[in-house]
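The values are calculated or read from the model by the stated rules, or taken from the named source; none is laboratory data. These figures come from a predicted structure and were not determined experimentally. For neighbour counting, all protein chains shown are included, and Cβ atoms are generated from backbone atoms with ideal geometry for every residue, glycine included. The area values use the complete protein model at the heavy-atom level, side chains included, leaving out ligands, DNA and RNA. Shrake-Rupley method; radii C 1.70, N 1.55, O 1.52, S 1.80 Å.
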Amino acid sequence: VQLQASGGGLVQAGGSLRLSCAASGPAFSRYAAGWFRQAPGKEREFVGYITWSGSSTHYRDSVKGRFTISRDNAKDTVYLQMNSLKPEDTAVYYCAAVLIGTSDYASDRAYDYWGQGTQVTVSS
(Lines give C-alpha, C1' and ligand atoms only; values in the text may rest on other atoms or scores of the structure.)
Protein backbone atom coordinates (compact mmCIF):
# COMPACT_ATOMS: atom_id res chain seq x y z
CA VAL A 1 0.00 0.00 0.00
CA GLN A 2 1.26 3.46 -0.90
CA LEU A 3 -0.11 6.54 0.81
CA GLN A 4 -0.13 10.10 -0.50
CA ALA A 5 -1.01 12.89 1.92
CA SER A 6 -2.13 16.27 0.63
CA GLY A 7 -4.09 19.35 1.59
CA GLY A 8 -1.69 21.10 3.89
CA GLY A 9 -1.02 24.80 3.74
CA LEU A 10 -0.88 28.09 5.58
CA VAL A 11 -3.98 29.18 7.48
CA GLN A 12 -4.78 31.76 10.12
CA ALA A 13 -5.70 30.72 13.63
CA GLY A 14 -9.36 29.77 13.76
CA GLY A 15 -9.34 28.60 10.18
CA SER A 16 -9.88 25.18 8.68
CA LEU A 17 -8.08 22.72 6.45
CA ARG A 18 -8.93 19.28 5.16
CA LEU A 19 -6.14 16.82 4.65
CA SER A 20 -6.50 13.84 2.35
CA CYS A 21 -4.65 10.56 2.35
CA ALA A 22 -5.05 8.71 -0.93
CA ALA A 23 -4.06 5.06 -1.00
CA SER A 24 -2.99 2.88 -3.86
CA GLY A 25 -2.76 -0.86 -3.55
CA PRO A 26 -5.05 -3.76 -2.92
CA ALA A 27 -7.94 -3.74 -0.51
CA PHE A 28 -7.27 -0.47 1.31
CA SER A 29 -10.74 -0.85 2.78
CA ARG A 30 -9.25 -3.57 5.00
CA TYR A 31 -6.79 -1.13 6.55
CA ALA A 32 -7.32 1.05 9.55
CA ALA A 33 -5.70 4.46 9.26
CA GLY A 34 -4.10 6.96 11.56
CA TRP A 35 -2.92 10.55 11.40
CA PHE A 36 0.21 11.70 13.19
CA ARG A 37 2.05 14.99 13.28
CA GLN A 38 5.53 16.20 14.01
CA ALA A 39 6.42 19.75 14.93
CA PRO A 40 10.00 21.06 14.63
CA GLY A 41 12.14 19.78 17.46
CA LYS A 42 9.42 17.51 18.79
CA GLU A 43 8.61 13.84 18.54
CA ARG A 44 5.94 12.57 16.22
CA GLU A 45 2.60 12.38 18.01
CA PHE A 46 -0.71 10.67 17.47
CA VAL A 47 -3.58 12.80 16.17
CA GLY A 48 -6.40 10.42 15.32
CA TYR A 49 -7.40 6.97 14.13
CA ILE A 50 -10.23 5.43 12.14
CA THR A 51 -11.13 1.78 11.84
CA TRP A 52 -11.24 0.04 8.47
CA SER A 53 -15.03 0.35 8.36
CA GLY A 54 -15.10 3.93 9.58
CA SER A 55 -17.39 2.93 12.42
CA SER A 56 -15.03 4.05 15.16
CA THR A 57 -12.59 6.91 15.63
CA HIS A 58 -10.20 8.01 18.35
CA TYR A 59 -8.43 11.34 18.89
CA ARG A 60 -5.80 12.89 21.06
CA ASP A 61 -7.35 15.07 23.70
CA SER A 62 -6.06 18.36 22.31
CA VAL A 63 -7.89 17.94 18.99
CA LYS A 64 -11.15 16.44 20.21
CA GLY A 65 -14.09 18.52 19.06
CA ARG A 66 -11.96 20.29 16.44
CA PHE A 67 -10.66 17.51 14.20
CA THR A 68 -12.67 14.81 12.46
CA ILE A 69 -11.40 11.75 10.65
CA SER A 70 -13.49 10.13 7.95
CA ARG A 71 -12.94 7.80 5.04
CA ASP A 72 -14.40 6.97 1.67
CA ASN A 73 -13.46 3.38 0.90
CA ALA A 74 -14.87 3.67 -2.61
CA LYS A 75 -12.17 6.29 -3.24
CA ASP A 76 -9.48 4.65 -1.08
CA THR A 77 -9.10 7.93 0.76
CA VAL A 78 -8.99 8.97 4.39
CA TYR A 79 -9.62 12.56 5.43
CA LEU A 80 -8.68 14.75 8.38
CA GLN A 81 -10.97 17.76 8.72
CA MET A 82 -9.31 20.33 10.96
CA ASN A 83 -11.37 23.21 12.31
CA SER A 84 -10.60 25.97 14.79
CA LEU A 85 -6.92 25.58 14.08
CA LYS A 86 -4.41 26.89 16.59
CA PRO A 87 -0.74 27.83 16.16
CA GLU A 88 0.18 24.76 18.20
CA ASP A 89 -1.32 22.60 15.47
CA THR A 90 1.55 23.63 13.19
CA ALA A 91 3.39 20.48 12.11
CA VAL A 92 4.01 18.07 9.31
CA TYR A 93 1.05 15.73 9.21
CA TYR A 94 1.44 12.09 8.24
CA CYS A 95 -1.09 9.44 7.43
CA ALA A 96 -0.44 5.79 8.17
CA ALA A 97 -2.18 2.48 7.67
CA VAL A 98 -2.31 -0.88 9.37
CA LEU A 99 -3.98 -4.03 8.06
CA ILE A 100 -7.27 -4.75 9.81
CA GLY A 101 -6.55 -2.50 12.79
CA THR A 102 -4.75 -2.19 16.09
CA SER A 103 -5.56 -1.54 19.70
CA ASP A 104 -2.24 0.30 19.96
CA TYR A 105 -3.40 2.99 17.55
CA ALA A 106 -1.63 5.84 19.32
CA SER A 107 1.78 4.28 18.75
CA ASP A 108 3.51 4.90 15.44
CA ARG A 109 5.14 1.48 15.75
CA ALA A 110 1.76 -0.15 15.17
CA TYR A 111 1.53 1.00 11.55
CA ASP A 112 2.85 -0.74 8.48
CA TYR A 113 2.66 2.00 5.86
CA TRP A 114 3.28 5.75 5.91
CA GLY A 115 2.65 8.66 3.61
CA GLN A 116 5.22 11.35 2.91
CA GLY A 117 3.73 14.11 5.08
CA THR A 118 2.08 17.43 4.37
CA GLN A 119 2.95 20.72 6.08
CA VAL A 120 0.30 22.56 8.08
CA THR A 121 1.19 26.03 9.31
CA VAL A 122 -1.19 28.02 11.49
CA SER A 123 -0.38 31.68 11.95
CA SER A 124 -1.47 33.66 14.99
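In region 1-123, if the dipole is taken from +1 on Lys/Arg beta carbons and -1 on Asp/Glu beta carbons about the Cα centre, which of 54, 82, 3 is farthest to the positive end?
Most positive-ward Cα: 82.
Among 22, 124, 32, pick out the residue whose Cα is farthest towards the positive end of the charge dipole of the chain, where Lys and Arg carry +1 and Asp and Glu carry -1 on C-beta, about the Cα centre.
So the residue we want is 124.
To the nearest 20 debye, what charge dipole does the chain have about its Cα centre, counting +1 at the Cβ of each Lys and Arg and -1 at the Cβ of each Asp and Glu?
That gives a dipole near 180 debye.
For region 14-93, which GluC sites (Glu not before Pro) are in a loop by DSSP, counting at most 14 other Cβ atoms within 10 Å?
For GluC sites (Glu not before Pro) across region 14-93 that sit outside H, G, I, E and B with at most 14 neighbouring Cβ atoms in 10 Å, the list reads 43.
So what is the relative contact order for the chain, in percent, with contacts set as C-alpha pairs under 8 Å and at least six apart?
36 percent
Which one, 84, 103, 53, has the greatest fluctuation when you compute a Gaussian network model over the chain with C-alpha springs under 10 angstrom?
It is 103.
Hey, what's the chain come to in accessible area per residue, 1.4 Å probe, Å²?
It amounts to 50 Å² per residue over the chain.
In a Gaussian network model over the chain where Cα atoms closer than 10 Å are linked, find which of 69, 50, 100 has the largest mean-square fluctuation.
The residue that fluctuates most here is 100.
Ratio to report: Rg/Rh of region 1-68, with Cα atoms as the point set and Rh obtained by the Kirkwood method; give two decimals.
The Rg/Rh ratio comes out at 0.98.
Using only the Cα atoms of the chain, what semi-axes does the equivalent ellipsoid have when each is the square root of 5 times a gyration tensor eigenvalue? Give whole Å, largest first.
Largest first, the chain gives 22, 14, 13 Å.
Which percent of the accessible area of the chain is formed by carbon and sulfur heavy atoms (probe 1.4 angstrom)?
Roughly 46 percent, rounded to a whole number.
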